[in-house]
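Engineer: Here's a structure for you.
A short reminder: the numbers here are calculations on the coordinates, not readings from a lab. These figures come from a predicted structure and were not determined experimentally. So basically every Cβ, Gly included, is an ideal-geometry build from the backbone, and we count neighbours across all protein chains shown.
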C-alpha cells in the first residue's frame, strides 16, 4: 500500500506540475478569499498532565518546533519574528497568516516559522524524494485555550489547524483536539487526504513524549 501511495504521489506531482491554476506565490495576495479546503483531519489525544503544563508547550511558541518535528518527515524548523495580530471574532474562525502586524500588547501573539518536509516517493531512491518548503504562523488565545496554525508551501498546499485544550479528570489531565482543513492541487487530493490523516494521528500520538511520559 505504501509503495502504491508513494508512486501515485510522484505521478500526481509530476503530472500536475504544469497544470496548477493557482501558484502559492500569487495566493499570498488573495488568501484566504480563494481558500477552498479539499482535505481534512480531526483527531484528539489525552495527556496525563494539567492544562497549566500542557498549554505552554503545545499552545504557545515555546514548544513550536519540538511538536512540529514529531512529524516523521519534518526537519529544519526555524522560528522567525514574533509579532501580534488583531482578529475580528473568535480566533478559530480567523485567517491571520498574511494579516498586518499590530503594535505589541494588542491582539493575539503570532509566531512566524518555517520548516521542510521530505516525502519519500520510492524507498531507496532518494533522488526522487519530494522536498517541500513550508512557511507559517502560529497564533494563540490563552484565555480560551485555542490556537491557530496556518501554513503555505511551495507545492501549492495551504493548511489551517485549530487546536483546543480542555481539562480532564478534575484537572489532572488535558484533552488536546485538532481540526485540520487544507487545500491542495486537485490531482493530489486523494493522496494528500490519505497521508494527512495518517500523519496527523501519528504526530498527535507522540505529543505525550514532549512531557516525558
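Engineer: Quote to one decimal, in nm, the extra length available between residue 46 and residue 210 on full extension: 0.36 nm per residue of separation minus the C-alpha distance between them.
Structural biologist: Residue separation times 0.36 nm, minus the Cα-Cα distance, leaves 57.7 nm.
Engineer: When a/c reaches 1.5 or more, the comparison of a/b and b/c decides; with that in mind, is region 100-213 rounded, prolate or oblate per its Cα gyration tensor?
Structural biologist: Taking the square roots of the gyration eigenvalues as a ≥ b ≥ c, region 100-213 is oblate.
Engineer: So how much slack lies between residue 102 and residue 186, counting 0.36 nm per residue of separation and subtracting their Cα-Cα distance, in nm?
Structural biologist: Extra length from residue 102 to residue 186 when fully extended: 26.7 nm.
Engineer: Then there is this: State log₁₀ I(q)/I(0) for region 165-207 at q = 0.18, 0.19, 0.27 Å⁻¹ as given by the Debye formula over alpha-carbon point scatterers of equal weight, solvent excluded.
Structural biologist: After summing over all Cα pairs, the log10 values are -0.64, -0.68, -0.96.
Engineer: Sort 160, 144 by Cβ crowding within 10 Å, fewest neighbours at the top.
Structural biologist: With the fewest neighbours first, 160, 144 line up as 144, 160.
Engineer: In addition: For region 86-162, take the convex hull of the Cα atoms, compute a quarter of its surface area, and give me that in nm², please.
Structural biologist: Taking the Cα atoms of region 86-162, their convex hull projects to 6.3 nm² on average.
Engineer: Could you give the nm distance between label points at residue 193 and residue 154, where each point is 7 Å from its Cα heading toward the beta carbon?
Structural biologist: Going by the 7 Å Cα→Cβ label model, 2.9 nm.
Engineer: I want to check the label-to-label distance for residue 127 and residue 143. Put each point 7 Å from Cα in the C-beta direction and report it in nm to one decimal.
Structural biologist: 5.8 nm
Engineer: Follow-up. Can you figure out the FRET efficiency of residue 35 with residue 177, using R₀ = 22 Å and their beta-carbon distance, to the nearest 0.05?
Structural biologist: Result of the calculation: an efficiency of 0.55.
Engineer: Using the Cα atoms as the points, what is the convex hull volume per residue of region 66-108 in Å³?
Structural biologist: Each residue corresponds to 115 Å³ of Cα convex hull volume.
Engineer: Between region 89-138 and region 42-85, how far is it from one alpha carbon centroid to the other, in angstrom?
Structural biologist: Cα centres, region 89-138 to region 42-85: 12 Å.
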